[in-house]
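Below: one structure, written as structure tokens.
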Amino acid sequence: MWVIDINDWLDRLFSTNGAPRFKVRLKKLGEIITYATANLAGISVDFRPGCWRRPDRRPCRGALEIELVSEKDEIHWICPVCGNEGAVTGWRGEFWDMTSTFANT
């Protein structure tokens, strides 16, 4: 299971060129954060982010199940197809946080 503080990845990516694998994963984490926080902010979302794993070198076709665990202030995801699972913290106030974007509207 992945447990990621998004701020650790942002420092690595924005202070240097960053490895391509981090850029792809950061994009997926951004989708997860946007999805979870949009639901929390009451914004209708028509998509669920897809899984990025490649079991047996084939793309997983699963759609992630995403849950915001407010008492831990983390967003948890799991793919029901391949079992890819993780949690992201440190997302509050970041670019993808829809709760802060739409808080004053």
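The values are calculated or read from the model by the stated rules, or taken from the named source; none is laboratory data. This one's a predicted model, so the numbers in the text were calculated from it and none came from an experiment. Here the Cβ is made from the backbone with ideal geometry for all residues, glycine too, and neighbour counts use every protein chain on show. Heads up: the accessible areas ignore ligands, DNA and RNA and are worked out on the full protein's heavy atoms, side chains in. Shrake-Rupley method; radii C 1.70, N 1.55, O 1.52, S 1.80 Å.
Data overview
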item: J(HN,Hα) series, the range 77-86, from Karplus relation 6.51 cos²θ - 1.76 cosθ + 1.60, nearest Hz, glycine and proline x; result: 9, 8, 9, x, 8, 10, x, 3, 9, x
item: Label-point gap, in nm, between residue 100 and residue 40 - each point 7 angstrom along Cα→Cβ; result: 1.1 nm
item: Sites matching chymotrypsin sites (Phe, Trp or Tyr not before Pro) across the range 47-105 that sit in DSSP coil, with at most 12 neighbouring C-beta atoms within 10 Å; result: 47, 95
item: For residue 30, net neighbour charge (Lys/Arg +1, Asp/Glu -1) across residues whose Cβ lies under 13 Å away; result: +1
item: Accessible surface of residue 99 - all protein chains present, 1.4 Å probe, nearest 10 Å²; result: 30 Å²
item: Length added when fully stretched, residue 24-residue 61, from 0.36 nm per residue minus Cα-Cα; result: 11.6 nm
item: Residue 50 long-range amide H proximity, modeled H, under 5 Å; result: 64
item: Point-charge dipole on Cβ atoms (K/R +1, D/E -1) for the range 21-105, about Cα centre, debye to 20; result: 680 debye
item: Cβ-based charge dipole, the range 14-98, positive-most Cα from 52, 76, 93; result: 52
